[in-house]
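To start, the structure itself, in structure tokens.
The values are calculated or read from the model by the stated rules, or taken from the named source; none is laboratory data. Not measured: the values here are computed from a predicted model. Note that each Cβ is placed from the backbone with ideal geometry, even for glycine, and that neighbours are counted across all protein chains shown. The accessibility values were calculated without ligands, DNA or RNA, using every heavy atom of the protein model including side chains. Shrake-Rupley method; radii C 1.70, N 1.55, O 1.52, S 1.80 Å.
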Amino acid sequence: LERGNKKRHTQLRPPMSTTRASARMDEQRGGSRAFECPITRQTMRDPVVLVCSGQTYERSALQTWLAHGKRSSRCTDPLTNKALCSAATVPNHALRHAIEQY
């Protein structure tokens, strides 16, 4: 290469995936983001899994969301806004225990 046309060779890295970026942010914040309800953005106290989607929410926030959906005759997943096949939930004991230990 000529002196005036020197190219810098930099190591190119692929963009960080959203999941990886979120995990890094969780590490920086001490893991608390993983404990936040996607609806309220508050640390969950009674996390439940929405069986249809597999996503975890704070029980009271999800109940409010679903009650609103029933009034409008369209229950949807809070994250995807897709129609739910069921409003069944199960407690997320593992997450609850992790939050209590945190």
Filter region 63-80 down to the residues that are basic (Lys, Arg) and outside any helix (DSSP H, G or I) and list them by number. Arg74
Could you list, in sequence order, the residues of region 81-102 that are in contact (Cβ under 8 Å) with a residue 60 or more places away in the chain, open to solvent by less than 70 Å² (accessible area, probe 1.4 Å) and not in a helix (DSSP H, G or I)? none
Subset of region 44-88, residues more than 17 Å from the chain's Cα centre (by Cα) and β-branched (Val, Ile, Thr), comes to Thr64
Which of the residues spanning region 50-73 are within 19 Å of Pro91 (Cβ to Cβ), hydroxyl-bearing (Ser, Thr, Tyr) and open to solvent by 50 Å² or more (accessible area, probe 1.4 Å)? Ser53, Ser60, Thr64
Residue list for region 43-90, filter: of a type outside the set (A, V, I, L, M) and in contact with a helix residue (DSSP H, G or I) (Cβ under 8 Å, 6 or more places away or on another chain): Thr43, Arg45, Asp46, Pro47, Thr56, Tyr57, Cys75, Thr76, Pro78, Thr89
